[in-house]
């Protein structure tokens, strides 16, 4: 189980066996049942999860209902970043949309790794850069492109979302309704 977690760091930098052992000593496994919360709006998020199995939905509660910001798939990290870094109440909810297994890095362990391991700090910085760029791209598409264009972009850039994420959450991520997304998908299949 820890292999995919530790291998995820290799995307960003070489991690020595000693550093791997230190990181592994600070994490533990948690299981979330479908619909259980990792963190709720208003709570302080005190951990980062690496999703080994399952999916987690990041969403906001609004007057119009809940809006899915993102869905974290397997072999990816999830946290309420604002809350985790600042140790302030979260604006968002993170909820398992399938039974999930998570590798958990507590905030105190994250702080220790940031202070003692240059390689961990380097990995964190590169990971945050990648996430920020992805978020900036998503905002651009949400503001300037049609739902059809957003769907086509997601199909090209992250096809696993199209295959794995339930339609209702995918539609919300794309800023459209499930009904309209179904029409987009149907139209796309007619043109193939």
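The values are calculated or read from the model by the stated rules, or taken from the named source; none is laboratory data. Keep in mind it's a predicted model, so treat the numbers as computed, not measured. Quick reminder, even Gly has a Cβ in these numbers, built from the backbone with ideal geometry, and neighbours come from all protein chains shown.
Among the residues of the stretch 138-148 satisfying the criterion of being part of a helix (DSSP H, G or I) and touching a helix residue (DSSP H, G or I) at 6+ places or on another chain (Cβ under 8 Å), which is nearest to residue 187 (Cα to Cα)?
It comes out as 148.
Assuming residue 86 fulfils every condition listed in (1) over 19 Å from residue 9 (Cβ atoms); (2) modelled with pLDDT under 95 apart from one, which condition is it?
(2)
In the stretch 64-89, which residues are farther than 24 Å from residue 175 by Cα and loosely packed, with under 14 Cβ neighbours inside 10 Å?
Once the filter is applied, which keeps residues that are farther than 24 Å from residue 175 by Cα and loosely packed, with under 14 Cβ neighbours inside 10 Å, the stretch 64-89 yields 75, 85, 86, 87, 88.
Could you look through the stretch 149-191, keep only residues that are more than 21 Å from residue 64 (Cα to Cα) and outside any helix (DSSP H, G or I), and pick out the one that is modelled with the lowest pLDDT?
Once the filter is applied, the top-ranked residue is 158.
Does residue 61 satisfy the condition of being surrounded by fewer than 16 Cβ atoms within 10 Å (Cβ to Cβ), under 24 Å from residue 171 (Cα atoms), touching a strand residue (DSSP E or B) at 6+ places or on another chain (Cβ under 9 Å) and modelled with pLDDT of 95 or more?
Yes: the conditions hold for residue 61.
Mind checking which residues of the stretch 12-27 are surrounded by fewer than 12 Cβ atoms within 10 Å (Cβ to Cβ) and in contact (Cβ under 8 Å) with a residue 60 or more places away in the chain?
Matches in the stretch 12-27: 14, 16.
Any idea how many residues of the stretch 170-192 are surrounded by 13 or more Cβ atoms within 10 Å (Cβ to Cβ) and out of contact with any helix residue (DSSP H, G or I) (no Cβ under 9 Å at 6 or more places or on another chain)?
Qualifying residue count for the region: 1.
Taking the stretch 49-76 on its own, how many of its residues are more than 10 Å from the chain's Cα centre (by Cα) and under 18 Å from residue 28 (Cβ atoms)?
3
Which residue out of 30, 101 is under 16 Å from the mean Cα position of the chain (by Cα), at pLDDT 95 or above and surrounded by fewer than 20 Cβ atoms within 10 Å (Cβ to Cβ)? Step through it out loud before you land on a result.
Details: 30 fails: under 16 Å from the mean Cα position of the chain (by Cα).
Only one candidate passes the filter, namely 101.
Would you say residue 92 is surrounded by 17 or more Cβ atoms within 10 Å (Cβ to Cβ), touching a residue at least 24 places away in the same chain (Cβ under 8 Å), over 21 Å from residue 28 (Cβ atoms) and within 16 Å of the chain's Cα centre (by Cα)?
yes
Say whether the condition of being in contact with a helix residue (DSSP H, G or I) (Cβ under 9 Å, 6 or more places away or on another chain) and closer than 24 Å to residue 65 by Cβ is met by at least one residue in the stretch 104-117.
There is no residue in the stretch 104-117 that is in contact with a helix residue (DSSP H, G or I) (Cβ under 9 Å, 6 or more places away or on another chain) and closer than 24 Å to residue 65 by Cβ.
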